[in-house]
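What follows is a set of notes on a single structure, which appears directly below.
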Amino acid sequence: MLRDVASRGPWVSAHPDIILKMGVKEVLYRTKHLGWGSDTHMYRTAAEFSAAFPPRLQSSGPRVIKQNRGNGGHGVWKVEQIPIRSAAVHTVRVLHAQRGSVPLDLPFQEFMALCEPYFGWGGCIIDQPFQRRLPDGMIRCYMATDKVAGFGHQFIKALIPPPPEGPDSHAAQPGPRIMRGPDATPFQALRAKMEAEWTPQMMEVLGIDPGSLPIIWDADFLYGAPTLSGEDSYVLCEINVSSCFAIPDQAPAAIALGQTSPR
């Protein structure tokens, strides 16, 4: 329906073709060489996943796998090898990112069977290293076309084992998302990277012209390892294009400005 509307002249944000470029997990693989990237891999088939993932898990430590399309943590798993005498990966400890999940120890082939449907409706599985600074929270960078419109910082609990009180306890719930404007001091380095480097580079890689950027979208970042000089680094974990609200109070003005700019 949106494609039909767009074909008749009205500008559609976000156009379905742009969603399929930006708003899927494959973008993490296609842009892994940018400054927001990490040791990211992509598997197109279950056979490829079965062959390549176990040795990677064994050599690099805990990984996070993600189905290409989904939300609410569905199809996102932390996976780690359970130490055993054999060199092969037979059993894995997995934790689903959906709220209320608990760690499970499964034979690898059983876990593989859980993941096989992802190839059917998503086309691929994305594999990233687990970020050990996850307890420091996630930073959501809100964008109005190519300019930062604000930030949201939240202490998430996804992929963190639940406390002794259980997965449904108060202690297991994520903290509130604290909204900040684009001038928030702690995030100015991230803002500069997003506006001057990463967004233009992403557009070039994905073949997106300035007039096709969504009027509002956001990028979720986790803290990576500190740099040699002690500064924070940031690792992209997701881009949201088709479901981006609530937004910071400062964002509507930036959205309106972008909407009235020449496109």
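Could you rank Cys115, Cys237 by how accessible they are, 1.4 Å probe, largest area first?
Largest accessible area first, the list is Cys237, Cys115.
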Among Pro162, Ile178, Phe151, whose Cα sits farthest toward the positive end of the charge dipole of the chain (+1 at Cβ of Lys/Arg, -1 at Cβ of Asp/Glu, about the Cα centre)?
Pro162
Calculate for the chain the 222 nm mean residue ellipticity that helices alone would give, adding -39,500 (n - 2.57) per DSSP H run of length 4 or more and normalising by residue count, nearest 500 deg cm²/dmol.
-7500 deg cm²/dmol
What's the Kirkwood radius of the stretch 79-170 in Å, using all Cα pairs?
16.1
Tell me the accessible surface of Trp11 in square angstrom (1.4 angstrom probe, heavy atoms of protein chains only), to the nearest ten.
100
Would you kindly calculate the translational diffusion coefficient of the chain, applying Stokes-Einstein with the Kirkwood radius from alpha carbon pairs, for 10 °C and a viscosity of 1.306 mPa s, and quote it in µm² s⁻¹ without decimals?
81
Sorting check: for 12-23, 221-232, which peptide has the highest mean count of neighbouring beta carbons within 10 Å, and how do the rest follow?
12-23, 221-232
Pairing the Cα long axis of helix 46-60 with the longest principal axis of the chain, what angle in degrees results, from 0 to 90 and rounded to the nearest 10?
80
Enumerate the lysines that Lys32 could reach by cross-link, defined here as Cα to Cα under 23 Å, with residues fewer than 8 away along the same chain left out.
Lys21, Lys66, Lys78, Lys147, Lys193
Positive end of the charge dipole of the chain (Lys, Arg +1 and Asp, Glu -1 on Cβ, about the Cα centre): tell me which of Ser13, Met42, Pro107 has its Cα farthest that way.
Pro107
Size of the stretch 157-263 as Cα extents on the principal axes (Å, biggest first)
55, 35, 28
What list of ³J(HN,Hα) values in whole Hz, one per residue of the stretch 190-207 in order, does the Karplus curve 6.51 cos²θ - 1.76 cosθ + 1.60 (θ = phi - 60°) give from phi, with Gly and Pro shown as x?
5, 4, 4, 5, 5, 7, 8, 10, 5, 5, x, 5, 4, 4, 5, 5, 8, x
Take the alpha-carbon centre of the stretch 192-207, take the same for the stretch 112-132, and report the distance between them in whole Å.
26
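The values are calculated or read from the model by the stated rules, or taken from the named source; none is laboratory data. Not measured: the values here are computed from a predicted model. Every residue, glycine as well, gets a Cβ built from its backbone with ideal geometry; the counts of neighbours run over all protein chains shown. Accessible surface areas use protein heavy atoms only, side chains included; no ligands, DNA or RNA. Shrake-Rupley method; radii C 1.70, N 1.55, O 1.52, S 1.80 Å.
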